[in-house]
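Data block below; observations after.
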Amino acid sequence: MIIGVPKEIKNHEYRVGMVPASVRELISHGHSVYVETNAGNGIGFSDDDYKAAGASILPAAADVFAKADMIVKVKEPQAVERAMLREGQILFTYLHLAPDFPQTEDLIKSKAICIAYETVTDSKGRLPLLAPMSEVAGRMSIQAGAQALEKSHGGSGMLLSGVPGVEPAKIVVLGGGVVGSNAARMAVGLRADVTILDKNVDTLRRLDEEFQGRAKVVYSTEETLDQHVLNADLVIGAVLIPGAAAPKLVNEDHIKRMKPGAAVVDVAIDQGGCFATSHATTHADPTYIVDDVVHYCVANMPGAVARTSTVALNNATLPYIVKLANKGYRDALVQDEHLRNGLNVISGHVTIKEVAEGFDLPY
Ligand code: NAD
């Protein structure tokens, strides 16, 4: 199969669909890979690195789209990219169609086979191609929180770890899933005083086993939430109710009563956020202050560490790219129900019920 990797064109998007190591893997399976020039430049993968891995470099996205049987990207295709898709071509990338009618309409028109990373499942019902970005965001949330607590950002001037003779910061993590457990690992590593709140008892058991007392693991109720949030120096928002907006666990009154100079990092902001006072921010201007509490609410946190994010994403996507290339999309989708769950649009039809219903389209 001929695989094409265009350069990402969304503002400040430096990730890339395939790293040179993934290209090499595809070449070893007998496929050809065409990469747009400078596709990986922003994160230190040069055209020469791709050539050394066996790829051919093309001067423009249009050349890549014209040649490839399968396009591998990171972000949802932009309008100019959608116009280059053709009937029968495979598109493998994040799509997030539910809130995006113009994209859905264009993908239907293209008659391409559009497989979204975010709806591929695994045998435990998890989302294996979303997990790497949650891992990145969870780990980053502690860095972001550490900075927010610095005086220059409006914080209380507290070092997360403390120093000998000075207490560490109290970090409260709301939600102990992929984001929350990764945040807690970083916070425990820094020797902060860490408490994780979750509503799922199995998750609490797993976290308790993992942290062996180095993080407190608490069942989340209104009472425990009040108690821990009001006492915290840093709160990480990492809850998720699949398919729904994030619950607003922390209300305006909590924020008013938190310690002056405390910080909140709302990782769940991409689902609307779990603090009533949150609104999405950007890497260029990541924080703002409400009632003396510093808020960090960047909706695409992994973009800031594009190199790590790209490699982590490729580690997760590569087996599926190889499967699609080796078997062709029909056999790959028929034989693997989890990859089939990734199918969003095929030959002009939407195959995700919620998306079709949301836009009043046939399903
Ligand atoms: P996850 O499903 O692995 O974990 C969510 C956890 O929240 C679960 O353990 C669940 O039991 C818990 N939870 C749900 N309701 C709760 C409640 N009322 N009280 C306490 N806990 C509750 O999800 P995840 O992968 O960790 O993702 C968390 C959020 O982070 C999602 O909204 C995701 O979209 C977001 N995210 C944001 C970024 C970003 O850049 N901002 C990046 C990656 C993920």
Under a plain spin-label model, where a point goes 7 Å from the Cα along Cα-to-Cβ, how far apart in nm are T221 and R191? 3.5 nm
Rounded tilt (10° steps) of 201-211 against the dominant C-alpha axis of the chain: 80 degrees
When only alpha-carbon atoms are used, what values of Rg and Dmax, in angstrom, describe the stretch 205-300? 13.7, 39
Other-chain or far-sequence residues with amide H under 5 Å of T37's (modelled H): L58, A60
Could you give the angle, 0 to 90 degrees to the nearest 10, between helix 131-148's Cα long axis and the longest principal axis of the Cα atoms of the chain? 40 degrees
Extent along principal axes [Cα atoms of the stretch 131-299; Å; largest to smallest]: 43, 39, 32
Give the calculated FRET efficiency between I2 and A83 to the nearest 0.05, with a Förster radius of 25 Å applied to their Cβ-Cβ distance. 0.80
For the stretch 87-123 and the stretch 213-279, distance of Cα centres in Å: 33 Å
Please report, as a whole percent, how much of the solvent-accessible surface of the chain comes from carbon and sulfur atoms (probe radius 1.4 Å). 51 percent
For the chain, longest principal axis from Cα atoms; helix 178-189 axis from its Cα atoms; angle between them, nearest 10 degrees, is 50 degrees
Under the Kirkwood approximation for Rh and a Cα-based Rg, what ratio Rg/Rh is obtained for the stretch 208-363? 1.08
May I ask you to evaluate 6.51 cos²θ - 1.76 cosθ + 1.60, the Karplus curve with θ = phi - 60°, for each residue of the stretch 340-351 and list the ³J(HN,Hα) values in order in whole Hz, giving x for glycine and proline? 4, 4, x, 5, 10, 9, 9, 6, x, 10, 7, 10
What's the FRET efficiency of D202 with R126 using the Cβ-Cβ distance as r and R₀ = 22 Å, to the nearest 0.05? 0.95
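For the chain, how big is the tail of P(r) above 31 Å, as a whole percent of Cα pairs?
Of all Cα-Cα distances in the chain, 40 percent exceed 31 Å.
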Report the gain in length on full extension from A60 to K10: 0.36 nm times residue separation, minus Cα-Cα distance, nm rounded to one decimal. 16.4 nm
Quick one: grab Rg to one decimal and Dmax as a whole number for the stretch 92-211, Cα atoms only, in Å. 19.2, 65
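The values are calculated or read from the model by the stated rules, or taken from the named source; none is laboratory data. Everything quoted here is computed from the prediction, not taken from an experiment. Ideal geometry is used to build each Cβ from the backbone, glycine not excepted, and the neighbour counts take in all protein chains shown. Accessible surface is based on the protein model in full, side chains and every heavy atom, while ligands, DNA and RNA are left aside. Shrake-Rupley method; radii C 1.70, N 1.55, O 1.52, S 1.80 Å.
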